[in-house]
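S.K.: I have a structure here, written as structure tokens, and I will follow up with some questions on it.
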Amino acid sequence: MRVGMHIILSCLLLTAALPAVAETDGPLQVENAWIREAPPGSATLAGYLTLVNRGATPVTISEISSPEFGAAEIHLSRVENGVAKMIAVGNLEIPAGSSVMLQPGGYHLMLFRPVRELHAGDTVTLHLYRADGACLLVNAPVLRNNDTDQRP
Ligand SMILES: [Cu+2]
């Protein structure tokens, strides 16, 4: 899906105007964002975060992008007939007063074609577009995953 220029501009304005609180967009907050460090040359990386909606109405995330990657999608990992699969999720709704965790084995960010090699300690900028056109800017650290759970 193409992103309209007015949506991109609104995200940049948010960045410029509110650098200190860019991870809060009205009722929507992003917590614990991180990108899993991947072996050199990896074409895809996985990212995780928690979306918290403290508002009284649902919020829908409909698009993800990052200047650090050629493309980004929200995926859902699940097991079908004993086979682990990932499906792209077009819209992710965070119900009012609720939160949705993106974590290994469930929803996650799939980040394709990194424009540079990313290492633990780097920071990646993510743009989360709401269905109403608002854009939320998130800075996510790249972390080495010492967990035994290596699922996307
Ligand atoms: Cu995936």
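The values are calculated or read from the model by the stated rules, or taken from the named source; none is laboratory data. All values derive from a computational prediction rather than experimental measurement. Quick reminder, even Gly has a Cβ in these numbers, built from the backbone with ideal geometry, and neighbours come from all protein chains shown. Each accessible area value is taken on the protein alone, full model and side chains, heavy atoms only, with ligands, DNA and RNA left out. Shrake-Rupley method; radii C 1.70, N 1.55, O 1.52, S 1.80 Å.
S.K.: Does residue 43 satisfy being open to solvent by 30 Å² or more (accessible area, probe 1.4 Å), over 29 Å from residue 26 (Cα atoms), within 13 Å of the ligand (Cβ to nearest atom) and of a type in the set (A, V, I, L, M)? I'd like the intermediate steps shown before the answer.
M.R.: On the way: open to solvent by 30 Å² or more (accessible area, probe 1.4 Å): yes; over 29 Å from residue 26 (Cα atoms): yes; within 13 Å of the ligand (Cβ to nearest atom): yes; of a type in the set (A, V, I, L, M): yes.
Criteria met by residue 43.
S.K.: Right, here's the next one. In this structure, does residue 128 turn out to be away from the ligand (no atom under 16 Å from the Cβ) and either part of a loop (DSSP other than H, G, I, E, B) or open to solvent by 60 Å² or more (accessible area, probe 1.4 Å) (or both)? So that I can check it myself, show each step before the final result.
M.R.: Numbers: away from the ligand (no atom under 16 Å from the Cβ): yes; either part of a loop (DSSP other than H, G, I, E, B) or open to solvent by 60 Å² or more (accessible area, probe 1.4 Å) (or both): no.
Taking the combined requirement at face value, the residue does not satisfy it.
S.K.: Of all residues in region 71-82, how many are modelled with pLDDT of 95 or more and open to solvent by 50 Å² or more (accessible area, probe 1.4 Å)?
M.R.: Qualifying residue count for the region: 1.
S.K.: Any residue in region 83-98 that is at pLDDT 95 or above, within 15 Å of the ligand (Cβ to nearest atom) and in contact with a Phe, Trp or Tyr (Cβ under 6 Å, 6 or more places away or on another chain)?
M.R.: no
S.K.: Test each condition in (1) within 16 Å of the ligand (Cβ to nearest atom); (2) in contact (Cβ under 8 Å) with a residue 40 or more places away in the chain for residue 138 and report the one that comes out false.
M.R.: (1)
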